[in-house]
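Everything below concerns the one structure shown next.
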Amino acid sequence: RGRIAIVRLDRRDGRNALSLEACRQLTRAARSFDDDADISAVILTGTTEVFSLGADLRDTELQRAREARLAERRISMQTGGRMCRAWEELEPLTIAAIEGWCVGGGAAIVAACDLRVASQAATLYVPEIERGMNLSWGAVPRITRLVGPAKAKRVIILAEKIKAEQALDWGLIDEVAAPGTALDAALALAERAASM
């Protein structure tokens with residue numbers, strides 16, 4: 001839309017889980033804006049029901065990677081972190097528009113964006129430690145920079161489910177919108193950036 005790009009994650013399954021291929025596609029999408037002087041802002045959003053339920057633990061490629069040689073596993077395990085770095089390093093302003101659940105890897109990628117807008121119906125949840133999983137996508141330092149060490153421990157170690165209003169109060173998100181309007185609110189912010 002003019003100087004604003006919208007990237008939508010929609011796996012058409014109601015979960016929007018991040019398979020290795022989805023992570024690669026999101027990395028390519030971010031990198032496609034490298035050296036693009038016509039884009040001032042990029043909005044990353046999910047569907048109107050869910051941003052993302054995190055890493056796709058049913059991903060057959062991920063399951064195969066667990067059986068692969070150490071070097072192949074290492075490369076596969078870097079896919080999510082590479083995706084988050086691609087979004088963090090984008091030159092245009094990046095804004096995440098969050099509806100519904102934003103879990104694990106979904107929270108990692110939105111933490112990598114410059115700004116975050118969430119609908120009142122949104123919930124952010126980082127359950128990796130609770131589930132005995134590795135936090136390898138760089139979310140810990142990003143969330144800590146946003147909310148400070150004590151609240152980051154509540155988000156990450158205690159795996160608290162953070163509703164939009166609380167996330168705004170803590171600094172985890174930047175704006176709350178009415179349900180179904182997170183993208184519209186993100187577009188308003190992006191238009192401000194594009195007009196400068």
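Its DSSP H runs of at least 4 residues, each contributing -39,500 (n - 2.57), put the calculated 222 nm mean residue ellipticity of the chain at -12000 deg cm²/dmol, to the nearest 500. Averaged over its residues, the chain has an accessible area of 49 Å² per residue, based on protein heavy atoms and a 1.4 Å probe. Peptides 107-115, 133-141, ordered by how many other C-beta atoms sit within 10 Å of their residues on average, highest first, read 107-115, 133-141.
Could you work out what % of the accessible surface of the chain is carbon and sulfur, using a 1.4 angstrom probe and leaving DNA, RNA and ligands out of the count? Reported share for carbon and sulfur atoms: 50 percent. Subtracting the Cα-Cα distance of residue 3 and residue 28 from 0.36 nm times their residue separation leaves 7.1 nm of extension gain. Ignoring aspartates and glutamates fewer than eight residues from residue 151 along the same chain, the ones with Cα atoms less than 17 angstrom from its Cα are 128, 130, 160, 165, 169, 174.
Could you size up the charge dipole of the range 76-139 around its Cα centre, putting +1 on the beta carbon of Lys and Arg and -1 on that of Asp and Glu, and report it in debye to the nearest 20?
140 debye
In a fully extended conformation the segment linking residue 134 and residue 193 would gain 17.7 nm over its present Cα-Cα distance, using 0.36 nm per residue. Placing +1 on the Cβ of every Lys and Arg and -1 on the Cβ of every Asp and Glu, with no other charges, gives the chain a dipole of roughly 660 debye about its Cα centre. With the simple model of a label 7 Å out from the Cα in the direction of the Cβ, residue 12 to residue 58 spans 1.6 nm. Peptides 96-102, 53-59 ranked from most to least packed, by the mean per-residue count of other Cβ atoms within 10 Å: 96-102, 53-59. In the range 60-196, with Lys and Arg counted as +1 and Asp and Glu as -1 at Cβ, which of these residues, 90, 125, 173, has the Cα nearest the positive end of the dipole, that is, farthest along it? Positive-end residue among those listed: 125.
Compare the peptides 171-183, 33-45 by average per-residue count of other Cβ atoms within 10 angstrom and give them in order, highest first.
Final packing ranking: 171-183, 33-45.
The values are calculated or read from the model by the stated rules, or taken from the named source; none is laboratory data. Keep in mind that what you see is a predicted model, and the values were worked out from it rather than measured. Every residue, glycine as well, gets a Cβ built from its backbone with ideal geometry; the counts of neighbours run over all protein chains shown. The accessibility values were calculated without ligands, DNA or RNA, using every heavy atom of the protein model including side chains. Shrake-Rupley method; radii C 1.70, N 1.55, O 1.52, S 1.80 Å.
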